[in-house]
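Peer 1: Here it is: the structure, laid out below.
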Amino acid sequence: MPRFCALPGVFLAVLLLLSADIRAQICHSFEPGTYSHHASKTESTDAIGLAPTANYDIVYHRISVRVDPAVRYIGGNVTSYFRPVTSLTQMAFDLTDTLSVDSVYYHGARLSGVTHSGNAITINFPAAISALDSIVVFYSGVPPENGFGSFVTNIHYDTVPVLWTLSEPYGARDWLPSKMTLTDKIDSLDFYINVPDRFHAGANGLMTDSTIEGSTVTYHWRHRYPIATYLIGMAVSNYEAHTFQVASPYGDITMLNYFFPEEEADWLATDSNVAHALQLYSELFGPYPFIREKYGHAEFLWGGGMEHQTMSFVVAPDFELLNHEMAHQWFGDKLTCDSWSEIWLNEGFATYLSGLCYERLAPEWWYGWRSTTLKRTIRGGNGTVLCDDTTSVNRIFDNTLTYSKGAYLLHMIRWELGDSNFFAALKSYATDPALVYSFSKTDLLKVHFEAQSGIDLTWFFDQWYYTGGYPSYVLDWSQQAGTLVIKLSQSSSNTANPFFKMKVPVRVYRHNGDTTLVLDHTSSGQEFSLQIGFNIDSIQIDPDLWLISAGNVIRKLPAPAAENFIQIVTNPVRDRLTIWYDSHSLNHVTLSIYDLDGRQLDTESVPMGNGDYYSTSLAHLAAGVYVAKVESEHRTLTQRFVKL
């Protein structure tokens with residue numbers, strides 16, 4: 001339920017004065033040629049009562065609000081420049097019914113054909129519009145707190161107020177008249193935030209100026225990159241600001257952190273970690289996407305982080321959290337999923353990239369990250385990475401499926417393709433001119449992996465993305481001298497996905513080392529015969545945790561009976577005695593001939609590697625009955641034979 005509070009009379013009076021000033025400014029000039037335009041796509045399928053907004057593209061927003069972190073209230077206006085997709089006489093914005101629409105202005109005149117119901121503003125124009133135009137919506141009220149906390153006021157350090165917004169996935173309409181679909185990015189943004197003068201306000205882009213107005217100050221943030229609505233955010237408190245430069249292969253990146261004064265020491269200690277992660281991502285995936293502006297953080301009290309474009313909001317300067325939100329600037333902000341059903345393109349990527357930071361920057365934690373992420377993945381059971389319920393915030397942001405299993409999908413693709421192909425494909429994807437600063441989908445990512453590697457990955461996405469579950473392996477093995485025989489079987493947790501085709505890494509251990517083998521597992525019960533030049537002590541499946549699997553079993557089988565290794569072929573014998581032996585499984589064989597009294601008459605070592613049969617002359621022996629003794633490391637075979 002929304003929480004309401006009384007609005008102080010003084011604050012309301014100041015708000016009304018601000019609104020009057022804004023109305024006088026609504027004719028500010030705007031030059032559309034200075035902004036890039038992104039065409040709208042088909043209306044989003046993530047409808048949860050969203051306004052019908054497919055008939056126009058947003059080109060520019062000028063957001064002007066007045067807030068006080070000590071008061072749960074917002075008031076202000078949004079000027080929107082839009083381009084009709086087709087000629088229109090009506091348009092709509094998403095806005096919660098909890099807030100009030102004070103007025104809507106078009107060409108300096110107040111419109112009368114405006115309705116506000118069903119969490120949408122519907123605006124009727126006096127004539128059809130077919131070219132770039134603009135409109136101003138004035139609104140105010142007490143925002144509800146939906147989703148993850150779309151508009152929150154709180155207290156830090158016991159008494160200091162803090163305010164923040166968090167619009168993902170459906171919260172923007174709780175505080176901002178907007179277009180919430182994942183079909184159209186705002187090409188450019190100016191954000192004016194008026195607050196009591198003891199506070200700082202952080203937002204997207206660069207702060208160009210701050211203007212004192214009595215006991216308040218207005219911070220102007222300018223953003224000149226396309227941005228999805230849910231990535232707009234503001235945070236207000238008594239922040240300390242810390243700015244520094246990070247060198248990258250593409251130029252310096254300005255870092256700006258807003259943190260609570262009591263946390264200053266912790267934040268200043270993170271500078272080098274942040275710099276190294278920014279440099280790593282730039283090297284792997286191309287330039288920091290918003291390099292002409294900044295990257296930074298604003299501290300807030302939510303239990304995690306949110307990747308607001310150019311300024312992530314985070315609860316603490318934690319290594320993994322900071323690297324996760326930073327990764328979103330490439331995967332989530334620059335390239336944004338085109339449906340909440342494909343949210344793994346945002347969250348799976350950011351989760352895996354934070355793991356890469358352990359691998360490259362703090363390798364002592366890399367195995368632990370994989371182990372923990374794999375355990376979370378298994379907890380997802382038979383759920384799919386493809387989100388099957390975009391009306392549920394908990395399902396969209398399911399930690400086991402969207403985050404952990406999404407990350408492990410990337411890890412397994414890396415295993416299948418190899419590092420060179422994997423990272424080259426990701427860089428190609430992250431810099432694809434058709435996708436950058438726009439929207440993407442899984443099929444388009446798949447195209448980049450396939451184009452780079454030459455491997456058709458349809459089977460991979462069918463079994464790991466569209467279908468749920470995971471395999472459990474049973475590995476039976478035995479060694480016959482130099483030959484390792486493996487039978488690899490599997491069962492599935494999901495009957496809809498009965499077999500998982502994968503390259504399975506198997507590590508074999510000896511007393512002074514180990515060797516990793518790769519089994520191309522294409523059917524359950526598949527047998528592999530592998531030449532090994534040493535005696536094996538033990539075997540482990542996937543020791544480096546490349547694969548999603550659980551409950552694996554390894555069984556060492558006894559060696560086959562010795563008669564499968566050695567046999568006397570000729571009996572009775574005329575001139576030559578012939579034996580058969582398995583030359584792939586034995587290291588040595590000795591043949592001896594005895595009379596019936598046990599006296600040794602002949603003995604010789606059988607030359608190994610000359611075939612599977614050995615024949616020796618008995619022409620020097622008289623006719624009679626003799627005993628042949630054939631010895632190997634596995635057994636001794638004694639058999640009588642007749643010499644003719």
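Peer 1: How large is the convex hull of the Cα atoms of the chain per residue, expressed in Å³ as a whole number?
Peer 2: Expressed per residue, the convex hull around the Cα atoms of the chain is 183 Å³.
Peer 1: Where does each of THR243, THR483 land when they are ranked from fewest to most other beta-carbon atoms within 10 angstrom?
Peer 2: Ranked by crowding around the Cβ, least crowded first: THR243, THR483.
Peer 1: For HIS276 and SER605, what is the calculated FRET efficiency with R₀ set at 60 Å and r taken between the beta-carbons, to the nearest 0.05? Walk me through the intermediate numbers first.
Peer 2: Details: r = 62 Å, r/R0 = 1.04.
So the FRET efficiency works out to roughly 0.45.
Peer 1: Can you compute the helix-only [θ] at 222 nm over the chain? Use -39500 (n - 2.57) per DSSP H run of at least 4 residues, normalise by all residues, nearest 500 deg cm²/dmol.
Peer 2: -6000 deg cm²/dmol
Peer 1: Roughly how big is the chain's charge dipole about its Cα centre, with Cβ charges of +1 (Lys, Arg) and -1 (Asp, Glu), in debye to the nearest 20?
Peer 2: Dipole size: approximately 1140 debye.
Peer 1: As a quick test, which of the pairs LYS375/LYS441; LYS375/LYS556; LYS179/LYS501; LYS185/LYS375 have an alpha carbon distance above 32 angstrom in this structure?
Peer 2: The pairs that break the limit, which is 32 Å between Cα atoms, are LYS179/LYS501; LYS185/LYS375.
Peer 1: Check cross-link reach from LYS629 to the lysines: straight Cα distance under 23 Å, and skip same-chain residues fewer than eight apart.
Peer 2: Within reach: LYS643.
Peer 1: Next up: Quick one: order THR79, THR495 by neighbouring beta-carbon count within 10 Å, fewest to most. Provide the component values of the computation, followed by the final result.
Peer 2: Working: THR79 20, THR495 8.
Ranked by crowding around the Cβ, least crowded first: THR495, THR79.
Only the coordinates and a few stated rules stand behind these numbers; no lab work does. Not measured: the values here are computed from a predicted model. No Cβ is skipped: glycine too gets one built from the backbone with ideal geometry, and neighbour counts run over all protein chains shown.
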